[in-house]
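Here's the structure we're looking at; comments come further down.
The values are calculated or read from the model by the stated rules, or taken from the named source; none is laboratory data. Since the model is a prediction, treat every value here as computed from it, not as a measurement. FYI the Cβ positions are ideal-geometry reconstructions off the backbone, even for glycines, and counts take in every protein chain you see. These accessible areas exclude ligands, DNA and RNA; they are computed on the full protein's heavy atoms, side chains included. Shrake-Rupley method; radii C 1.70, N 1.55, O 1.52, S 1.80 Å.
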Amino acid sequence: MAETLSALPTPPPAPVERRHVPAVVVGWVQAGPLDETQNAALMRARAMVREALRAALPGFKWSFPLVRRTDLYAGGQEVEPVDLLDAGATERRVAGWDFALVATGADLRARFRPFTLATPSQALDVAALSLARLDPGARHPDLSDAERTERFAHRLAALALHAFGHLNGLDHETHEDAVMYPPRSPADLDRSSLSFTEPNRTEIEAEVADVADLRMEEETVFDQLGDAAFALKALVLNWNDVADTVLQIRPWRFPFQLSKLTTAAISTLIVLVMTAEAWDLGARQPLWHVAWLAVVAVAGTSAYLVRKQGLLARRHGQTRTEQQVVQSASILLALGLGMSTTWALLFGATLVLRLLFFDGAILDGWAASLGRSVGPDEVLAFAGFVSSLGIGVGALGASFEDQTYFRHVAYVDEET
Ligand SMILES: [Zn+2]
């Protein structure tokens, strides 16, 4: 942490040992072929992003290597954002970059909006950007070649900076010329000033300083740690990164976006709520019993889905890294929160159904083995019991969810 020496009355002599300027590497990956105009725009945009970041954060040594993966996807067709994110994550890991921006000439497949220009993923530190809709020449054929390239590049640079802001945990702003203003159409990007507001700048600076810090795997002190100790240490050092990433994933959306999960869970709930034996069994469970059942159900279903949906597919022979630990922890925690949200929804739904349709006389008859009338504690126990069974069956349903779609929901922070 840097200290503000100027605030002290008598500044101590400057330390002899001088730290080198921290380096930040933002790699660009060209995914698939680009035509001449797109290529010119990409080169110009890369220069604009470089200027913008160097001007905003001069305390770092920035570099922006470019890798051309023309073998990846043919232009013109729709591509899955998660495929591009995966490609970017691989390049980032192999080359040791801090962030990766994957640019494609193809359109990105949007799941929740009519179209998407970019899909940042803070969990992977990668963003996919599409040039397909950015060309101003499509709407303004009278533009000269130079103007066209310049505006095209401006849009792409604005989009790249917006995505870079999200990779560093920034939220949206309301001013139309702000980098973090959410563009509703490519033309909105024309208004971007390409410079971050002061609060945004400070936030990125703190975030990037953290990233540029020496990584644990580069420090020999941590070499002799076992895998578990390494992971624990990495978590202690990066817990706020984990929290930040989970917030960007917004796991409370999961039950609303994973329809197979929700359908299976709600079907189970309805069947159980209408069954006398289920009431009989559920209502007699002690509350602490139900509490640990819920914890086991949430943890078990999360781990099951992470595995089944290949969310943590660890590449063969990969060395352990601090970033890997943070990513895995974030995804696991996000899944856990998503399943908890589903559990809470089922729990609430059971209580509502009880209030609306079930009077005491029916329940007393159904839970006959209880030997007393069904009170609030028994209803809570029943609701917790069936909610835990519900998310168990829900997880089985979610395992049939298309893997690409599931990864899209888990990894893509927003469809810009
Ligand atoms: Zn955004």
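Things worth noting here:
- Those helices (runs of 4 or more DSSP H) lying entirely in the stretch 314-416 with at least 1 residues within 27 Å of the chain's Cα centre (by Cα) and surrounded by 20 or more Cβ atoms within 10 Å (Cβ to Cβ): 322-357, 376-398, 403-411
- Exactly one residue out of Leu66, Leu170, Leu101, Leu143 is more than 21 Å from Val211 (Cβ to Cβ) and not assigned by TED's automatic domain parsing to the domain that holds Gln403: that is Leu143.
- Residue check: Asp177 meets all listed conditions (1) farther than 20 Å from Phe115 by Cα; (2) within 14 Å of the ligand (Cβ to nearest atom); (3) not basic (Lys, Arg) but one, namely (2).
- Residues of the stretch 222-242 that are part of a helix (DSSP H, G or I) and among the hydrophobic types (A, V, I, L, M, F, W, C): Phe222, Ala228, Ala229, Phe230, Ala231, Leu232, Ala234, Leu235, Val236, Leu237, Trp239, Val242.
- Condition met for Pro183 (touching a helix residue (DSSP H, G or I) at 6+ places or on another chain (Cβ under 9 Å), farther than 24 Å from Asp98 by Cβ, open to solvent by less than 20 Å² (accessible area, probe 1.4 Å) and more than 16 Å from the ligand (Cβ to nearest atom)): no
- Filter result for the condition that a residue is open to solvent by less than 10 Å² (accessible area, probe 1.4 Å) and within 30 Å of Arg250 (Cα to Cα), over Ala158, Ala209: Ala158
- When the stretch 141-163 is filtered for residues that are among the aliphatic types (A, V, I, L, M) and part of a helix (DSSP H, G or I), the ones remaining, listed by number, are Ala146, Ala153, Leu156, Ala157, Ala158, Leu159, Ala160, Leu161, Ala163.
- Filter result for Ala163 (away from the ligand (no atom under 16 Å from the Cβ), in contact (Cβ under 8 Å) with a residue 60 or more places away in the chain and in contact with a strand residue (DSSP E or B) (Cβ under 8 Å, 6 or more places away or on another chain)): no
- Residue among Asp135, Asp171 that alone is of a type in the set (Asp, Glu), more than 16 Å from the ligand (Cβ to nearest atom) and open to solvent by 20 Å² or more (accessible area, probe 1.4 Å): Asp135
- Boolean, Glu219 is open to solvent by less than 60 Å² (accessible area, probe 1.4 Å), over 23 Å from the mean Cα position of the chain (by Cα) and more than 14 Å from the ligand (Cβ to nearest atom): yes
- From the options Pro120, Pro141, Pro114, residue that is away from the ligand (no atom under 13 Å from the Cβ) and either open to solvent by less than 10 Å² (accessible area, probe 1.4 Å) or at pLDDT 90 or above (or both): Pro114
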